[in-house]
Amino acid sequence: MTTSPDRVRTTFPGISTRTWEHPADRTALVTLRSLPGFDVVLRTLSGLLQERQHRLLYLATAVRVDERQFRTLHHLREDCVRILDAPTTPELFVLQSPQVNAFTIGMDRPFIVLTTGLLELMDTEELRFVVGHELGHALSGHAVYRTMLMHLLRVSASVGWLPVGGWALRGIVAALMEWSRKSELSGDRAGLLCGQDVDASVRVHMKTAGGALVKEMNHGAFLSQADDYERSGDLRDGVLKLLNLELQSHPFSVLRAAELRRWIQSGDYDRVLSGDYPRRDQDRATRITDEMKAAARTYRTNFDQSDDPLIRTVRTLGRDVGAAASTVAHEVGDTVAKLGKRFGDWRGGGN
């Protein structure tokens, strides 16, 4: 693999993470960032979760990427940091594992881990997309918020300030999983902005779905599977799709490629490349209500345009589209706000 860039890529000075964050993902993030004393909460949970122990574990069992080790990955990381104008460079480790996987963990100092199974499967430009995807997670704080929320759910029974009834807890978990899936779509957008190679971004999802024999696959046919998935079947299939996704933290590979295509076709990708994107210095002025409205608009548009048999049935029955579309967005925002408030009360000794 060559470490030299194959072409000059557009850079994005001062770019805000809001540029690549999916509206539903952004709603939760803006809500969490606005909570009073949130930094104290993070430090407390970071200690509880023994973050330093996790980093030491990878330091002892994996290979840390730098100019001397996995130099190609080192240069890809540097390039992604430069393109997204990242204020810090996260550590990167390569872990021996046949599983094809990449993840970002840690709360105080997030770091990235790539498996050897992934490295063996992807070419250089595909790896650039993956590294950019994980950098997007690190910059958006996804590892921070996902770890915190899942930890709060795990300890909810012991501290007693969350409903533990089966359906109530299932609703909260479903909302958090929906956010987690949308955060992966955000990461894909960051990966595309780093690589600026649409074909490579699609190949990543083709390979995670079908393996290394990409020559036996076809971009157009692969993407058309998403269209067939959405249109096919009857009402029962619509319900089965929801059940398949309910506890998945990641969207399915075919659907991720289709969602990235949808973002490109919307014109947002080209607008970012032309320099039309939100800046970090404007982040503090962002209002939660605006983000919730943006998320609701996205869900409503998808609802109106969906060919899924279940959603078509709901539309035919005349359900309130606006309410249906905004439910998940408001659920995520309300959930994280309540979690933060209750945790703050618990820390302060309140009831």
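Just so you know, in segment 47-65 the residues that are outside any helix (DSSP H, G or I) and open to solvent by 90 Å² or more (accessible area, probe 1.4 Å) include one that is modelled with the highest pLDDT, and it is ARG64.
Scanning segment 66-106 for residues that are in a loop (DSSP other than H, G, I, E, B) and either of a type in the set (D, E, K, R) or in contact with a Phe, Trp or Tyr (Cβ under 9 Å, 6 or more places away or on another chain) (or both) gives ASP66, GLU67, ARG68, LEU84, ASP85, PRO90, GLU91.
For every residue, the table says whether it meets (1) β-branched (Val, Ile, Thr); (2) part of a loop (DSSP other than H, G, I, E, B); (3) at pLDDT 95 or above.
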{"site": "LYS182", "(1), (2), (3)": "no, no, no"}
{"site": "GLY187", "(1), (2), (3)": "no, no, yes"}
{"site": "HIS205", "(1), (2), (3)": "no, no, yes"}
{"site": "LYS215", "(1), (2), (3)": "no, no, no"}
{"site": "ASP227", "(1), (2), (3)": "no, no, no"}
{"site": "PRO251", "(1), (2), (3)": "no, yes, no"}
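Take PHE93 and decide whether it is buried (at least 18 other Cβ atoms within 10 Å of the Cβ) and of a type in the set (Phe, Trp, Tyr). For PHE93, the condition - buried (at least 18 other Cβ atoms within 10 Å of the Cβ) and of a type in the set (Phe, Trp, Tyr) - is met. For the condition open to solvent by less than 30 Å² (accessible area, probe 1.4 Å), modelled with pLDDT of 95 or more and either part of a helix (DSSP H, G or I) or among the small types (Gly, Ala, Ser) (or both), SER201 qualifies.
Whether a residue is modelled with pLDDT under 95, part of a helix (DSSP H, G or I) and not small (Gly, Ala, Ser) was assessed, and LEU119 does not pass this test. Of all the numbered requirements in (1) modelled with pLDDT of 95 or more; (2) within 19 Å of the chain's Cα centre (by Cα), LEU73 misses one, and that requirement is (2).
Of all residues in segment 1-35, those being touching a helix residue (DSSP H, G or I) at 6+ places or on another chain (Cβ under 8 Å), at pLDDT 70 or above and of a type in the set (Val, Ile, Thr) number 6.
For segment 267-290, filtered to residues that are in a loop (DSSP other than H, G, I, E, B) and open to solvent by 60 Å² or more (accessible area, probe 1.4 Å), the residue that is modelled with the lowest pLDDT is ARG287.
The values are calculated or read from the model by the stated rules, or taken from the named source; none is laboratory data. Given the structure is predicted, the values throughout are model-derived calculations rather than measurements. Here Cβ is always computed from backbone atoms with ideal geometry, including for glycine, and neighbour counts include all displayed protein chains. The area values use the complete protein model at the heavy-atom level, side chains included, leaving out ligands, DNA and RNA. Shrake-Rupley method; radii C 1.70, N 1.55, O 1.52, S 1.80 Å.
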